[in-house]
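Student: Submitted below is the structure of interest, expressed as structure tokens.
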Amino acid sequence: SAVISQKPSRDICQRGTSLTIQCQVDSQVTMMFWYRQQPGQSLTLIATANQGSEATYESGFVIDKFPISRPNLTFSTLTVSNMSPEDSSIYLCSVEESQALFGPGTRLTVL
Amino acid sequence: GENVEQHPSTLSVQEGDSAVIKCTYSDSASNYFPWYKQELGKGPQLIIDIRSNVGEKKDQRIAVTLNKTAKHFSLHITETQPEDSAVYFCAASFYNQGGKLIFGQGTELSVKP
């Protein structure tokens, strides 16, 4: 099964700044997704990262706030823009081949 | 859209006992049902999954059952060990749509030695 890594593993940021999270997969995958897990909560899908085209966002999430890139079949980035304390969450990259797998997550704290 | 309900929210068992976590889903088109274990500070780890053409699947001490008619599925952990203590999430998706997992609220399992 695919091995997924994320950078950074954690970060503490000031409000108003932006952070870009990287997701790297050790094999080519068709489907890549970004999820958010707010403190003590379950996981919510942010968007589907489409290779070579614009990401598909779920209700409540917009491109200006969470721009996503997917330049190839093994890599994607999620940017959290103009951060506020409410953006403090774990951000998770996921891939789906025969199974739905998750990366280790990026724990973001916004002060 | 799909909605997944998970119960209980917390579960405490003695080491060696069995633990059962139940989920219900609303969309009869859902056909993929994974279970994840999440330890503190880590990402969700897939522990078992089942597809709608199967009623039961087992992997050592872990089993999942699916009742498509009633639209519910359950995780069974036998002979629990302290290292089973974690938060467990169920999820459902219409696989051919490419993921879009809808998650339950999570169950915090505590196994007391």
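Student: Could you give me the residue pairs with C-beta distances under 8 Å whose first residue belongs to the stretch A:72-92 and is farther than 12 Å from A:Ala49 by Cβ, whose second residue is part of a loop (DSSP other than H, G, I, E, B) and charged (D, E, K, R) wherever it lies, and which are 6+ apart or on separate chains?
Tutor: Here the result reads A:Val80/A:Lys65; A:Ser81/A:Asp64; A:Ser81/A:Lys65; A:Asn82/A:Lys65; A:Met83/A:Arg15; A:Ser84/A:Arg15; A:Pro85/A:Arg15, each pair linking the stretch A:72-92 to a residue that is part of a loop (DSSP other than H, G, I, E, B) and charged (D, E, K, R).
Student: Among the listed residues B:Gly99, B:Gly106, B:Gly16, which satisfies the condition of being modelled with pLDDT of 95 or more, in contact with a Ser or Thr (Cβ under 9 Å, 6 or more places away or on another chain) and under 23 Å from A:Ser94 (Cα atoms)?
Tutor: B:Gly106
Student: Condition first: exposed (fewer than 13 other Cβ atoms within 10 Å of the Cβ) and modelled with pLDDT of 90 or more. Now tell me which residues in the stretch B:29-50 satisfy that.
Tutor: B:Glu39, B:Leu40 - these are the residues of the stretch B:29-50 that are exposed (fewer than 13 other Cβ atoms within 10 Å of the Cβ) and modelled with pLDDT of 90 or more.
Student: Take residues that are free of Cβ contacts under 8 Å to residues at least 60 places away in the same chain and away from chain A (no Cβ under 14 Å) and tell me which of the strands (runs of 3 or more DSSP E) falling wholly in chain B contain 3 or more.
Tutor: Counting at least 3 such residues, we get B:19-25, B:62-67, B:72-77.
Student: A further question on this structure: State all residues of the stretch B:65-85 that are of a type in the set (A, V, I, L, M, F, W, C) and surrounded by 17 or more Cβ atoms within 10 Å (Cβ to Cβ); if no residue qualifies, say none.
Tutor: B:Leu66, B:Phe73, B:Leu75, B:Ile77
Student: Also, I was wondering about something else. Assuming A:Glu58 fulfils every condition listed in (1) more than 17 Å from B:Lys100 (Cβ to Cβ); (2) without any contact (Cβ under 8 Å) to a residue 24 or more places away in the chain apart from one, which condition is it?
Tutor: Among (1) more than 17 Å from B:Lys100 (Cβ to Cβ); (2) without any contact (Cβ under 8 Å) to a residue 24 or more places away in the chain, A:Glu58 violates only (1).
Listed here are the residues, each with its yes/no results for (1) touching a Cys at 6+ places or on another chain (Cβ under 7 Å); (2) modelled with pLDDT of 95 or more; (3) within 23 Å of B:Asn3 (Cβ to Cβ).
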| residue | (1), (2), (3) |
| --- | --- |
| A:Thr30 | no, no, no |
| A:Ala55 | no, no, no |
| A:Ser59 | no, no, yes |
| A:Asp64 | no, yes, no |
| A:Pro67 | no, yes, no |
| A:Ser81 | no, yes, no |
| A:Ile90 | no, yes, yes |
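Student: Could you figure out which of (1) away from chain B (no Cβ under 12 Å); (2) at pLDDT 95 or above isn't true of A:Gly105?
Tutor: For A:Gly105, the failing item is (1).
Student: Right, another one. Answer yes or no as to whether B:Gly55 is modelled with pLDDT under 95 and out of contact with any Phe, Trp or Tyr (no Cβ under 7 Å at 6 or more places or on another chain).
Tutor: Judged against the criteria, B:Gly55 is a match.
Student: Related question: For the stretch A:57-96, name all the residues that are more than 10 Å from chain B (Cβ to nearest Cβ) and charged (D, E, K, R).
Tutor: A:Asp64, A:Lys65, A:Arg70, A:Glu86, A:Asp87
Student: Run A:Pro39 past the list (1) within 13 Å of chain B (Cβ to nearest Cβ); (2) under 11 Å from the mean Cα position of the chain (by Cα) and report the number of the one that doesn't hold.
Tutor: That leaves (2) as the condition not met.
The values are calculated or read from the model by the stated rules, or taken from the named source; none is laboratory data. Keep in mind the model is a prediction, meaning the values are calculated, not measured. FYI the Cβ positions are ideal-geometry reconstructions off the backbone, even for glycines, and counts take in every protein chain you see.
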